[in-house]
Every structure is written in C-alpha cells, then in structure tokens.
C-alpha cells in the first residue's frame, strides 16, 4: 500500500539521499524485490517511491528522533486545533462553534484510525486546514504562508489533491478582481507543481549514469507520472458509479453521525452560507472529480481516504448547521444539544470501538505474516504468490537491501534465477498455505493461472528440490 512506499522513501531520506542505489548484485532480481508503489530508474540504477516526497520527508524528520510512528498523531492533533481556529474566525461571537468543530473532528473514527497509520492523508487534512486558516487571516504574511503551505501540500504524495481543494478559492479571487493575489498564487503553485512532478528528474541531475543497470520504469519520472495518472481515467468503466457510491457511503459511515445531521442543515440555503464555507463546499465537489474518473474504488484505507483532506470542510459546514439551529427561535436548543451529544457519544462508545476492531481484523493477518517473514533465519524469503489475495503489500524490503531476509515474489523470477538463488543463498519458500495460518486470505482458483503455468511449476520444483539444501521447509 501507500504506507509501504512512504516508509521506503523516508528510509532513503534518513540515509541522506534523494534516491537509493539498487545494489548491482540484485539488479537482475529487481522485479521480484521491488515493493509496492516504487519505481526503478534504469539509467542511473536507482529506485524510489512512486509518490511525491514531502510526506516521506516529514516521516524522515520524525524518524531521526525515533518518533516517526507519531507523525500522523501529531498532524491529526494539529488538525483539531486548526479546525477550531477556523471556526473562531468564521464565528467570532460564538465560542461554542470552535469547541463543537474540534469535538466533531476529533470524534470521527476515520480521523482517529487514519491518524494511527502511515498514510499521507492526515497531512493533507492538516495542511488544507492550515491553508484555509492562513488564507482567511489574509495580509501579506497570511497569503505568503498560505502559498508556502500549499506548495508543501502539493508535494505530499499526489499533486492534484490540494490543487482541487483550493481551486474555488482561486476562482473567487478572480471573481473579486484581486488580480495581483491570484497571479501570486498561480506562480507559486505553478512552480511548486512543476517541481514535484519532476522531482525525480531533478534528483537524477545529481547522479552519474550507471552502465548495465538494466530495464526499469519511468512511472514516477516527469511526464511518465502524469501519463500514469491520465492513463487510469475510466479504468473501472461501468463499475465507476457504484464504486464511487460505495466509497461515499464508507466516508459517511466513518464520521461522527452528528456531522451528517448538522451538515444537512448547514449547507442550506446556499445563498446564506458565508463565502469561505461556499468555497470549501465547492472544493469538496471539485475534489470528487478525479476519483469518479480514476480511482472510485479506493480499496485501501479506513472510511474513504481520497476525501480525508476534506473532512475539516465537512465539519465546518456541519458547525454552520449548529449555528443556524441555535439561532432559530423555533428550535429548542436543548433538544439540538441532546441530539448532537447523543450522536457524539454513539460515535465514541460504539463507532470508534467497532471501526478499530474492523481495522485490526483487516490488517492483523498481514502484520502477522510480515513479522513471521521478518523473523525467518535465512537470507531470503521467497513468496509463491499463487493463491494469495493482495500479496503485493507483503513485499517489503529496505531501499538499500541491508536487512535480512530479503523478500521476493516468486512470479517475477525465472527458473535460471531461482537456481542461482538456490545455489548462493539460504531461503525459505512461503506459500498461500503458510500465510493462511496467520489469516491471510487465499484465492481458491488463482486468477491469471499463475498456479498452473509451466514457469510456476518449474520454479516450485527447483525451490523444493533436494539441491536447494539451504532452503528451510515451510511448516505444514
């Protein structure tokens, strides 16, 4: 998953490099060794994360003092403070609005559970809220810092996420004829996006080409990165609308239900919404576009991660509903308080434990399998991927291949390579049966017929042959 590639790039940064050299002895095995969502640049013999690098850089900074596991916890806490600060600015005469904004965000299971992961999305939420707070602050300092925060947000892991969020604000500047400020943001964002799109290309300028580095990809390099994004448009075909609907339902199910109730009130009537809230609401709608077209399924994550950076906007729109209800004399404010309080208690006492249990059940088998392979006393752990559902996240190797055992996907090896590994290294062959003991899901009939291919049969025959004396047999 994205967590794997983030940690991969953070490790590279912690070692004082921008890109990691793939050791020459392992270049021919690169396909089998390569973790999920990473790329290999052949001309220079280096590899890196396929994502943009800012979140990994933050992980590296925290990792240098041994606090990398707390990064998203800190970012989530800052998000709670920022959403309260924005509420104070929007409703300066309503201190209860700031308190409610903080409570609604802090009690939404998606926010809390994702804050304990290695995904980049809590950073998107934090920087989006920081940007709004600085933008509303205004003045030279406010807009300069907002542009800096936006430039950093553009490079967190995907360049389009923050750009779509702030797009309505930019159109509002044009509508209000604030030409100079609009031009300033356009220049800053233009330069920042070009830098992040071509960051690998820029890093390669510091390196010398390596002879015989072998074939690689250009998926994270400049135009190849953009081509990869555009190439995914329409990939889900007719399934896109129902997949998107499922994603949105997941988002709603992982929020404090009080947000949903207040949100239904807070967005109506549109004409009475404060301008910043209208811009945030439009930002939510615009941000849906790439996920409808490109990745509506968003399989990995808790709730619906592609919209995680918008949760602050949804909460503030919900707070607007609270303000409207409490100002309406026909509504009993005590009744509103009881409803919001009851739904918040439901989120904490039922929603959060339930979602935490679901998250644990989903990742528990994968974590157990990874720990099992990391504890193997051998040079290599070769995974026979046939019959394993979602085996890609199991391929986790450090970028410098210093740790043992190295983990390889057998399907990317040739019989000649397997023979060489058998001759030179001690390895364990791990298959669906072994990992099934930890709860890793199996596919009874392997799609793609890997299990029945002649190459797969030959690879298993070599791996289980007597001449592979160093192989530790899997327990049965």
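Okay, here's what the table says:
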{"item": "On Cα atoms only, tilt of 54-63 relative to the major axis of the chain in degrees", "result": "80"}
{"item": "Matching label, mean projected area of the Cα convex hull in nm² computed from the structure shown, candidates [x] 37.2; [y] 25.0; [z] 21.5", "result": "[y]"}
{"item": "FRET efficiency estimate (nearest 0.05) - Cβ-Cβ, residue 136 to residue 367, R0 60 angstrom", "result": "0.90"}
{"item": "Considering only the chain, percent of DSSP beta bridges that pair antiparallel, nearest 5", "result": "45"}
{"item": "Degrees between helix 71-90 axis and first principal axis of the chain (Cα, 0 to 90, nearest 10)", "result": "20"}
{"item": "Sequence of 3, 24 once ranked by neighbouring C-beta atoms within 10 Å, starting from the fewest", "result": "24, 3"}
{"item": "Packing-based ranking, highest mean first, of 140-146, 457-463, 301-307 given that Cβ atoms within 10 Å are counted", "result": "301-307, 457-463, 140-146"}
{"item": "Label-point separation, residue 289 to residue 177 (7 Å along Cα→Cβ), nm", "result": "2.7"}
{"item": "On Cα atoms only, tilt of 352-374 relative to the major axis of the chain in degrees", "result": "20"}
{"item": "Peptides 349-359, 257-267 ordered by average Cβ neighbours within 10 Å, highest first", "result": "257-267, 349-359"}
{"item": "FRET efficiency, 1/(1 + (r/R0)^6) with R0 35 Å, evaluated for residue 205 and residue 398 via beta carbons", "result": "0.90"}
{"item": "Value of D in µm² per second that Stokes-Einstein yields for segment 119-164, Kirkwood Rh from Cα pairs, at 37 °C (0.692 mPa s)", "result": "315"}
{"item": "Neighbour-count ranking [beta-carbon atoms within 10 angstrom, fewest first] of 179, 131, 91", "result": "179, 91, 131"}
{"item": "Label-to-label distance, nm, for residues given as residue 70 and residue 148 (7 Å Cα→Cβ offset)", "result": "2.4"}
{"item": "The chain: calculated mean residue ellipticity at 222 nm from DSSP helix runs of at least 4, using -39500 (n - 2.57)", "result": "-17500 deg cm²/dmol"}
{"item": "Alpha-carbon centroids, segment 135-161 and segment 313-376: separation in whole Å", "result": "28"}
{"item": "Residue-span extension gain [residue 61 to residue 437] - 0.36 nm each, minus C-alpha spacing", "result": "131.7 nm"}
{"item": "Fully extended contour minus Cα-Cα distance, from residue 170 to residue 184, at 0.36 nm per residue", "result": "4.0 nm"}
{"item": "Stokes-Einstein D in µm²/s, Kirkwood radius over Cα pairs - segment 355-460 at 4 °C with 1.567 mPa s viscosity", "result": "89"}
{"item": "Burial order of peptide ranges 120-129, 153-162, 64-73, 92-101 (average beta-carbon count within 10 Å, highest first)", "result": "120-129, 153-162, 92-101, 64-73"}
{"item": "Spin-label model distance (nm) - residue 332 vs residue 249, 7 Å beyond Cα toward Cβ", "result": "3.5"}
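Throughout, read-outs are computed from the coordinates displayed, never taken from laboratory work. Values in this document were obtained by computation on a predicted structure and should not be read as measured data. Note that we place each Cβ from the backbone using ideal geometry, even for glycine, and neighbour counts take in every protein chain shown.
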